[in-house]
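Right, one structure below, let's go through it.
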Amino acid sequence: MLINEDIKLDYSDVLIRPKRSRMSSRGEVRLFRTHRFLWSKKKWTGIPIMSANMDTVGTPSMHNVLSKHKLITCPAKHYLKNDSNKFNKGKSNICWFGGIDDISKLSKTSTGFIGLDVANGYTIKFVDSVKKLRDKCPNATIAAGNVVTADMTQELILAGADIVKVGIGPGSVCTTRIKTGIGYPQLSAVIECADAAHGLNAHIIADGGCTSSGDIVKAFAGGADFVMIGGMLAGHDECDGTIEDGVMKFYGMASESAMTRHSNHNNYRGTEGKTVEIEYRGKADDTIKDILSGIRSACTYVGANKLKDLSKCTTFLRVNNTHNTVFGNE
Ligand code: 5GP
């Protein structure tokens with residue numbers, strides 16, 4: 001047994017220090033990014049925020065709104081089985097995720113990105129599956145995860161992933177940390193995995209744990225190339241679910257609700273997710289505009305006139321600690 005004494009941080013453990021800036025308005029900030037991917041060699045341009053591939057938020061109606069703003073939709077996995085044609089519009093802003101058993105289906109989709117995601121991206125079987133998907137689809141932009149450490153980020157990239165999905169345990173409806181004790185504070189996971197990926201000219205998605213636009217800002221500032229959100233998109237008109245007494249249900253994909261819906265029960269598998277009630281929030285369009293405006297504002301506070309520069313303009317301050325410490329780019 002080993003103990004790692006290094007301090008690891010969540011989004012709530014830091015704030016970003018304001019800096020002098022020559023910008024005069026949020027309107028000057030460019031949120032669009034262009035990424036060129038390591039293996040596929042393809043280019044993508046858009047706002048690098050994606051909906052989680054969860055039943056409630058990965059819907060065709062959500063895709064209509066997100067694609068209008070040039071954000072990415074990751075459809076819920078069940079659409080891959082039957083109704084993938086419901087996501088025919090704006091294909092460059094879709095990322096289909098599937099599990100190890102979905103390789104053949106994924107290889108037949110023709111969208112911007114495809115990906116393999118499992119709760120635990122640390123198994124040899126998973127790495128072999130990423131290699132298999134790369135062999136089948138040499139020209140596809142492939143995402144794979146989830147992992148939280150630099151070593152495994154590099155391994156997935158060398159196995160053929162262009163983008164690594166980072167996050168174990170931070171999700172708003174995730175109970176992995178409680179059920180298993182496994183996890184990694186999300187901001188540190190993002191910083192360390194981004195550093196590993198960027199060294200190989202690959203990219204990462206910061207997946208889960210964002211509860212506000214400020215958290216999304218911190219993820220980008222920590223080096224995330226894409227940020228995936230679930231709970232922040234829940235409770236809207238575009239979600240799968242009904243409004244009852246002013247609330248909508250939002251459930252994890254490893255929750256009892258999801259297992260029952262998709263008949264996923266078996267003898268050795270318990271739940272690692274929960275169901276929560278989210279206050280009804282109206283149109284997703286308003287929430288997205290609010291998120292984008294928060295990110296623009298953050299960029300003006302630190303003098304970044306494009307999202308690309310946010311990370312290098314950031315100095316994080318450690319907060320919620322007895323001794324505040326400054327680290328990052330002074
Ligand atoms: P959020 O943005 O809601 O904080 O996090 C969304 C992420 O939580 C998803 O993209 C996915 O990685 C993760 N997630 C979704 N459902 C479950 C679940 O049932 N259990 C766990 N452990 N993680 C989940």
Check: Among the residues of the range 70-96, how many are under 22 Å from M259 (Cα atoms) and assigned to a loop (DSSP other than H, G, I, E, B)?
Finding: 5
Next item on the list: Please state which one of D151, D162 is modelled with pLDDT of 95 or more and either buried (at least 24 other Cβ atoms within 10 Å of the Cβ) or under 19 Å from P48 (Cβ atoms) (or both).
Entry: D162
Check: Considering the range 8-39 alone, what residues qualify as being open to solvent by 100 Å² or more (accessible area, probe 1.4 Å), assigned to a loop (DSSP other than H, G, I, E, B) and modelled with pLDDT under 95?
Finding: R20, R22, S24
Next item on the list: Report the residue count in the range 209-245 for those that are under 17 Å from the mean Cα position of the chain (by Cα), over 22 Å from N305 (Cα atoms) and surrounded by fewer than 24 Cβ atoms within 10 Å (Cβ to Cβ).
Entry: 2
Item checked: In the range 249-272, the residues that are surrounded by fewer than 22 Cβ atoms within 10 Å (Cβ to Cβ), within 14 Å of the ligand (Cβ to nearest atom) and outside any loop (DSSP other than H, G, I, E, B) -> K249, E256, S257, M259, T260, R261, R269
Next item on the list: Please work out which one of (1) assigned to a loop (DSSP other than H, G, I, E, B); (2) of a type outside the set (V, I, T); (3) within 13 Å of the ligand (Cβ to nearest atom); (4) crowded, with 24+ Cβ neighbours inside 10 Å is the condition A119 fails and give its number.
Entry: (4)
Next item on the list: Report yes if K165 is closer than 25 Å to G230 by Cα and charged (D, E, K, R), otherwise no.
Entry: yes
Margin query: Cβ-Cβ under 8 Å, sequence separation 6+ or interchain: first residue in the range 287-303 and assigned to a helix (DSSP H, G or I), partner open to solvent by less than 30 Å² (accessible area, probe 1.4 Å) and of a type in the set (D, E, K, R). Which pairs?
Written below: C299/D309
Checklist line | Residue tally, condition without any contact (Cβ under 8 Å) to a residue 60 or more places away in the chain, within 23 Å of Q154 (Cα to Cα) and surrounded by fewer than 21 Cβ atoms within 10 Å (Cβ to Cβ), over the range 175-191 | finding: 2
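Here's the yes/no breakdown for (1) among the β-branched types (V, I, T); (2) buried (at least 21 other Cβ atoms within 10 Å of the Cβ); (3) at pLDDT below 95; (4) under 19 Å from the mean Cα position of the chain (by Cα):
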site: M62; (1), (2), (3), (4): no, yes, no, yes
site: L66; (1), (2), (3), (4): no, yes, no, yes
site: K70; (1), (2), (3), (4): no, no, no, yes
site: P75; (1), (2), (3), (4): no, yes, no, yes
site: N82; (1), (2), (3), (4): no, no, yes, no
site: N85; (1), (2), (3), (4): no, no, yes, no
site: K89; (1), (2), (3), (4): no, no, yes, no
site: S92; (1), (2), (3), (4): no, no, yes, yes
site: W96; (1), (2), (3), (4): no, yes, no, yes
Checklist line | Given (1) touching a residue at least 60 places away in the same chain (Cβ under 8 Å); (2) surrounded by fewer than 21 Cβ atoms within 10 Å (Cβ to Cβ); (3) among the hydroxyl-bearing types (S, T, Y), index of the condition T56 fails | finding: (2)
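The values are calculated or read from the model by the stated rules, or taken from the named source; none is laboratory data. Here the structure is a predicted model, which is why all the values come from computation and not from measurement. Note that we place each Cβ from the backbone using ideal geometry, even for glycine, and neighbour counts take in every protein chain shown. These area figures cover heavy atoms from the full protein model, side chains too; ligands, DNA and RNA do not enter into them. Shrake-Rupley method; radii C 1.70, N 1.55, O 1.52, S 1.80 Å.
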